Amino acid sequence: MTKVYLKKKIAPRIANGHPWVFGNEVDRIAGEVNAGDIVEVTYADGKFAGRGYINPKSQILVRLLTRNKQEFIDEQFIHNRILRAWQYRQKLGYTENCRLVFGEADELPALVIDKFNDYFVLQTLSLGMERWKDAIVRSLETIFSPKGIYERNDVPVRELEGLAQQKGFLSAPFDTNIIINENGLKFHVDIENGQKTGYFLDQQDNRRAIQHIVKGAEVLGAFTYTGTFEIHAAHYGAKSVLGLDISEQAVAQANRNAQLNGLDQVCRFEAMNAFDVLKQWGKDGRQYDVVMLDPPAFTKSREHIQKAVAGYKEINLRGMKMIRNGGFLVTSSCTNLVQPDLFLQTIDMAAKDARKKIRQVTFQAQAADHPIIWGMENTNYLKFLIVEVSDR
Ligand code: SAH
């Protein structure tokens, strides 16, 4: 097996458990380098570091799959890892829907699998993981006897690995419009054409966190996608709910979801640009009891962190200005480069500029089926904050 020798002076990152080996951390390679193959990684002193897959096309030269010298990477290994990920979710109480595999956090780098009851949507985001796609599918079949498996590999990040963007069935074809249950509500999920894997499972606990504050409230939700937070608000007793998203497709699905739950009298959705609307309606003096914001990631590159922060400040400031005295702001950020401290600072700045006083109600991350690994910052990506907003 090809051996990759690390430089003497490498960041302690790898020794501390981080699975990525960058090209500039490698001293030399003994043996052939075939993109996607399993290689052995060794510290400068000859000690075994782990086994993983290599891709010279990628900045991340090797992603480690195991640190155990006795463990070899084969179909059984992949199966064991997926089974272990499922057993972990079951321990945490998941039954129907969950992120079954969350990449690095489940020691299956660059693999994402969402379980929507009997349906599975997967993403293999690196060449090394793409190689195991058939094994992954066989493993899912063995463990779950699924009604369907679909790949949503239509993601630009695959191109950094020299992979094409593609989507399609990995099982016999099935109707990709499915209905899932969450927190006692039902939601249509469009596996084929929805965003990402079709549905954002990471907010499932956070959606319950709004239960008490929306009672009797007039609620505005922006960046609603298929309306999950808004439909929860209506279900929890909001007086009226308006949800906005720029995508016509998302808005149509959100309205269908409201109907599906018999909440379309309380909850409606419109296709609008939330940035423009927040600005204009603020000027018009529109007021709500609760404003909810859940925008898409604002940046994926370090260069643009400041711009992302400015974006968060802007929408949160405008949101706060529209909240009646003593109302609530429910705000999220999924930009992993904006770490929790920075997000909170940004909200603090927004409150100061909006001349509002805020009190923290809840601050949490994503649901436990997306485990956070300490030392792996990008696994700690979702910030979810509720604050009470009052006039100063
Ligand atoms: N709250 C949702 C997820 C939101 S994802 C849930 O829990 O399921 C972010 C959404 O923001 C996407 O649906 C995207 O279409 C929308 N979006 C992006 N730019 C927007 C804009 N300028 N105005 C309104 N919506 C926008």
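The values are calculated or read from the model by the stated rules, or taken from the named source; none is laboratory data. Treat the numbers as computed from the prediction; the structure is a model and nothing was measured. Note that each Cβ is placed from the backbone with ideal geometry, even for glycine, and that neighbours are counted across all protein chains shown. SASA here: full protein model, heavy atoms, side chains in, ligands and nucleic acids out. Shrake-Rupley method; radii C 1.70, N 1.55, O 1.52, S 1.80 Å.
Here are some notes:
- Evaluation of P56 against (1) in contact with a helix residue (DSSP H, G or I) (Cβ under 8 Å, 6 or more places away or on another chain); (2) closer than 21 Å to R138 by Cα; (3) not hydrophobic (A, V, I, L, M, F, W, C) (one fails), failing number: (2)
- Restricting F174, F200, F169, F187 to residues that are within 15 Å of the ligand (Cβ to nearest atom) and open to solvent by 10 Å² or more (accessible area, probe 1.4 Å) narrows the list to F200.
- Single residue of segment 296-318 satisfying the filter (within 13 Å of the ligand (Cβ to nearest atom) and under 21 Å from K352 (Cβ atoms)) that is surrounded by the most Cβ atoms within 10 Å (Cβ to Cβ): R318
- Extreme residue, most open to solvent (accessible area, probe 1.4 Å), among residues of segment 203-225 that are at negative phi, part of a loop (DSSP other than H, G, I, E, B) and not polar (S, T, N, Q): H212
- Selection within segment 37-83 - of a type outside the set (S, T, N, Q), touching a Leu at 6+ places or on another chain (Cβ under 9 Å) and open to solvent by 70 Å² or more (accessible area, probe 1.4 Å): K57
- Top-ranked residue of segment 340-367 - restricted to ones that are open to solvent by 40 Å² or more (accessible area, probe 1.4 Å) and either free of Cβ contacts under 8 Å to residues at least 24 places away in the same chain or part of a loop (DSSP other than H, G, I, E, B) (or both), ranked as nearest to I213 (Cα to Cα): F363
- Meets criteria (away from the ligand (no atom under 12 Å from the Cβ), surrounded by fewer than 21 Cβ atoms within 10 Å (Cβ to Cβ) and not in a strand (DSSP E or B)) for K283: yes
- Qualifying position, being touching a Lys or Arg at 6+ places or on another chain (Cβ under 9 Å), more than 26 Å from D245 (Cβ to Cβ) and not in a helix (DSSP H, G or I), among A164, A172: A164
- Selection count, segment 232-254, where residues are over 19 Å from G327 (Cα atoms) and either more than 7 Å from the ligand (Cβ to nearest atom) or buried (at least 24 other Cβ atoms within 10 Å of the Cβ) (or both): 7
- Candidate set from segment 329-339 (those that are open to solvent by 30 Å² or more (accessible area, probe 1.4 Å) and within 16 Å of the ligand (Cβ to nearest atom)); member that is farthest from T228 (Cα to Cα): N336
- Cβ separations smaller than 7 Å between residues 6+ apart or across chains give no pair from segment 271-289 residues that are free of Cβ contacts under 8 Å to residues at least 12 places away in the same chain to residues that are assigned to a strand (DSSP E or B) and near the ligand (Cβ under 8 Å from one of its atoms).
- Extreme residue, farthest from I73 (Cα to Cα), among residues of segment 104-120 that are surrounded by 24 or more Cβ atoms within 10 Å (Cβ to Cβ) and aliphatic (A, V, I, L, M): I113
- In segment 128-135, the count of residues that are without any contact (Cβ under 8 Å) to a residue 12 or more places away in the chain, farther than 26 Å from S58 by Cα and either out of contact with any Asp or Glu (no Cβ under 7 Å at 6 or more places or on another chain) or surrounded by fewer than 21 Cβ atoms within 10 Å (Cβ to Cβ) (or both) is zero.
- Residues located in segment 255-280, provided they are more than 15 Å from the ligand (Cβ to nearest atom), open to solvent by 30 Å² or more (accessible area, probe 1.4 Å) and either among the acidic types (D, E) or touching a helix residue (DSSP H, G or I) at 6+ places or on another chain (Cβ under 6 Å) (or both): D264, V266
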